[in-house]
Amino acid sequence: MSKVMTAAEAVAMIPDGAVVACSGFLLNCVPREIYHEIAQSFDATGHPANLTVIHSAGNGNRKDEGIVEFSKEGLITRYICGHFTSNVPMMELVDANKVKAYNYPQGVLCHCYRAMAAGVPGYLTKVGLNTFMDPREQGGRVNEVADDTFVTVEHVAGEEYLFYQLPKIDFALIRATSADENGNLTLEDEVAPTDVLDLAMAAKACGGKVIAQVKNYVDSSSIDRQTVAVPGSCIDAIVISQDPINFHRMTPASFYDPVLTGHYRTREIKMPGGAKLDAKKIIARRAAMELTPHAVVNLGIGIPELVANVANEEGIGDQVILTVEVGMIGGIPSGGGNFGSSYNAWCALPESSQFDYYNGGNLALASLGFMEVDQIGNVNASKVGSKVEGVGGFVDISQCTPICVFAGTMTAKGLKTHVEDGKIVIDQEGAAKKFKNTVGQISFSGKTSLEAGQKCLFVTERCVFQITEKGLTLIEVAPGIDIEKDIFDQMEFRPAVADDLKIMDARLFRDEPMGLKEIIGC
């Protein structure tokens, strides 16, 4: 019996109240044609309704494509995700308490799928301890109506762990490139395998069904078995995309790029360098000083991305092994509309395997952004006021990496600076303080970091802090900066000050190569 059906026929299989889990990272492996049909069906008939929707990574183009397309009141009544990906309609529903919303680490959700696939009731890990994932904090709940319990504290061999347990999956919505008549799926035109296999197997282990969107339907004799990513025994329905240019894009910026899929390599990709010396570049330069030769690194969005540019400019780009949480190791991560992919990557692992690698402490350094920091080093990187962005892979990465460098400006909203005579000059202070008495949400625990023996720095354009036994401690100050006016007065609390307070390296503030190769011993 053929498994091929239209998107409308596939969506008609989904009853009201079902638990629906969706694959993908941004638009990679995202079954958007099925999403579009869900929204149309709900608008026309009111069904399916009252769904619980789960996805591990940011799902969409950060604007108007992806989960956002069926984030409607009444359609989704419970939402469990790793990242909201600027899903404004869902953020509004969450803020108005019209949907029960939960935010868990991207890697944890991927590992929950794998546990379910193996018939294990949940996933036991230290990831999330003492953050807002911890039930003694918020248990991952992000609004008042969220009253379910998906995480508990357990003690094993005398140590504390968190135990995450997701609801059983009724339907998995996944995407591949090609399917044969047996339902075997291949991923040759996708950037990475993401969570497709784990999610399909999890749904089958729960007694659920798997609906796969593809753009090619081929004969089984034409498929090399080594390319099969998901076996046909896991697939219940195949939807062949009728408009792949719009609904089956590799990334928001590219319908298909054979270099980003790993079929070819290119020598034409050049990492940026030579940018003007400003506050952001100073911060990236100082963060880059924490690199070590052949370091395996994860860089967050924003200022942390510039660390790779600095390394390239300083001639050590080939000494740094860059990774992306979607599964990329090696190569040059792409930004903008191709974010999540890499040029000339060494490999693309399944997401669960990538987070195994991260959780095992194999990163040498992670440089990540921050929204708020408190006096013991707790970081909020997931919520501003009532606006929930989500943690994505932030918790998994920051908690499991021996050197963590949080990079960001001292203040926000209007900060203006310039560099003059080897000094940073504050022309206009930002209106928003980022170093606060209490953070809005704990995405990173200073207490847990200290207990784990991490080296944890907060690098700004004018100073550097470190988490110590004294709490957040000022360890470096930029030349020419007034500590009282430019640092302490811009914080809601007074930090500890290191006995051996240092002046930040003068080379950071000169518009010339700073000799990073010699600094880090390459």
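The values are calculated or read from the model by the stated rules, or taken from the named source; none is laboratory data. All of these numbers come straight from a predicted model, not from anything done at the bench. Backbone-built Cβ (ideal geometry, glycine too); neighbour counts: all protein chains shown.
Answer with yes or no whether GLU268 is touching a residue at least 12 places away in the same chain (Cβ under 8 Å), acidic (Asp, Glu) and farther than 18 Å from GLY515 by Cα.
no
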>> With the structure loaded, tell me whether ILE269 is surrounded by 19 or more Cβ atoms within 10 Å (Cβ to Cβ), of a type in the set (A, V, I, L, M) and outside the structural domain of ALA407 (by TED's automatic domain parsing) or whether it fails that test.
In response: no
>> Quick check on the range 189-214: of everything there that is touching a Phe, Trp or Tyr at 6+ places or on another chain (Cβ under 9 Å) and in a loop (DSSP other than H, G, I, E, B), which residue is nearest to ASP170 (Cα to Cα)?
In response: GLY208
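Residues being in contact (Cβ under 8 Å) with a residue 40 or more places away in the chain and either assigned to a helix (DSSP H, G or I) or closer than 13 Å to TRP346 by Cα (or both): count how many of those fall in the range 324-333.
Here the count works out to 3.
Does ILE442 fit the bill of being over 16 Å from VAL425 (Cβ atoms), assigned by TED's automatic domain parsing to the domain that holds ALA311, in contact with a Cys (Cβ under 8 Å, 6 or more places away or on another chain) and buried (at least 20 other Cβ atoms within 10 Å of the Cβ)?
no
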> Pairs, please: C-beta under 8 Å, at least 6 apart or cross-chain, first residue touching a residue at least 60 places away in the same chain (Cβ under 8 Å) and of a type in the set (D, E, K, R) and in the range 139-159, second surrounded by 14 or more Cβ atoms within 10 Å (Cβ to Cβ) and assigned to a strand (DSSP E or B)?
Replying inline: ASP148/ARG78; ASP148/LYS100; ASP148/TYR102
> Of (1) more than 30 Å from GLY139 (Cα to Cα); (2) of a type in the set (S, T, N, Q); (3) buried (at least 20 other Cβ atoms within 10 Å of the Cβ), SER222 satisfies all except one. Which?
Replying inline: (3)
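For the range 3-19, indicate whether the set of residues that are closer than 30 Å to GLN354 by Cα and in contact (Cβ under 8 Å) with a residue 24 or more places away in the chain is non-empty.
yes
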> Does ILE397 satisfy being assigned to a helix (DSSP H, G or I) and touching a residue at least 12 places away in the same chain (Cβ under 8 Å)?
Replying inline: yes
> Are any residues in the range 259-277 more than 23 Å from PHE509 (Cβ to Cβ) and either at pLDDT 90 or above or not in a loop (DSSP other than H, G, I, E, B) (or both), and if so, which ones?
Replying inline: VAL259, LEU260, THR261, GLY262, HIS263, TYR264, ARG265, THR266
>> Testing ILE321 on (1) closer than 30 Å to LEU457 by Cα; (2) part of a helix (DSSP H, G or I); (3) not small (Gly, Ala, Ser), one condition comes back false. Which one is that?
In response: (2)
> Based on what the data block shows, is THR468 surrounded by fewer than 23 Cβ atoms within 10 Å (Cβ to Cβ), of a type outside the set (D, E, K, R) and touching a Leu at 6+ places or on another chain (Cβ under 9 Å)?
Replying inline: yes
> If a residue has to be outside any helix (DSSP H, G or I) and surrounded by 20 or more Cβ atoms within 10 Å (Cβ to Cβ) to count, how many in the range 291-312 make the cut?
Replying inline: 5
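One line per residue, one yes/no per condition, for (1) within 20 Å of LYS100 (Cβ to Cβ); (2) assigned to a helix (DSSP H, G or I); (3) of a type outside the set (A, V, I, L, M, F, W, C):
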| position | (1), (2), (3) |
| --- | --- |
| GLU9 | no, yes, yes |
| MET13 | no, no, no |
| GLU33 | no, yes, yes |
| ILE38 | yes, yes, no |
| SER41 | no, yes, yes |
| ALA44 | no, yes, no |
| THR52 | yes, no, yes |
>> Against the definition (part of a loop (DSSP other than H, G, I, E, B) and not basic (Lys, Arg)), how does PHE370 come out, yes or no?
In response: yes
> When the residues of the range 274-290 are filtered to those that are within 20 Å of PRO402 (Cα to Cα) and among the small types (Gly, Ala, Ser), which remaining residue is surrounded by the fewest Cβ atoms within 10 Å (Cβ to Cβ)?
Replying inline: ALA287
>> Which condition from (1) surrounded by fewer than 23 Cβ atoms within 10 Å (Cβ to Cβ); (2) more than 14 Å from the chain's Cα centre (by Cα); (3) modelled with pLDDT of 95 or more is the one that GLY369 breaks?
In response: (2)
> Only one of (1) over 21 Å from the mean Cα position of the chain (by Cα); (2) closer than 21 Å to ASN338 by Cβ; (3) at pLDDT 90 or above fails for GLU290. Which number is that?
Replying inline: (2)
